[in-house]
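Let me begin by presenting the structure, written as structure tokens, before commenting on it.
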Amino acid sequence: GWVKPTRLYPSDHPRRRPHRLPSPIVRGKVAALDRAIAKEGALSIVVLLRLSPAMPLVLASALLAFTQVSLGPYTAGTVVGLLPFSAVYCYAGAAGAEVAADAASGAAGAHEEGPVPRWLILGAGVIATLLATWKVGRVAG
């Protein structure tokens, strides 16, 4: 069965104590993120952090480790937040394979942009970043 994170790291474990973070700036960011999670809900904040192209996944995971997010919302938010990027990567791989196949066969043709334009995907990522920043900033302020 699954082991809950609280069993791996109980509340008195050093990894779950934000006051043990080395920098006061990082402690402040984690505290603001924790307040946003308490107010807006863990699932929505995790999804927005995962959708944001400005927040590396490793950094978001590290920050979320010091918050009150439990395993369920963390996992669900990660899956939902990473689905759009996974779809884009799959599409890019398929388009690349098609271009490579055309190049190998000597058929050099202009390829149309896919069903979702790149600017739309980039715009959605920027909006998710701004929304996550605004939500966390609103609660922290």
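Laid out as a table, the results:
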quantity	calculated
Sites Leu83 and Ser23, calculated FRET efficiency, Cβ-Cβ separation with R0 30 Å, nearest 0.05	0.35
Cα gyration tensor shape for the range 24-65, rounded if a/c is under 1.5, else prolate or oblate	oblate
Computed label-point distance, nm, for sites Ala62 and Ala92 using a 7 Å Cα→Cβ extension	2.3
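Bear in mind these aren't lab numbers, they're just calculated from the coordinates by the rules spelled out. Here the structure is a predicted model, which means the values were calculated and not measured. Because the Cβ atoms are built from the backbone with ideal geometry, glycine has one as well, and the counts that use them run over all protein chains shown.
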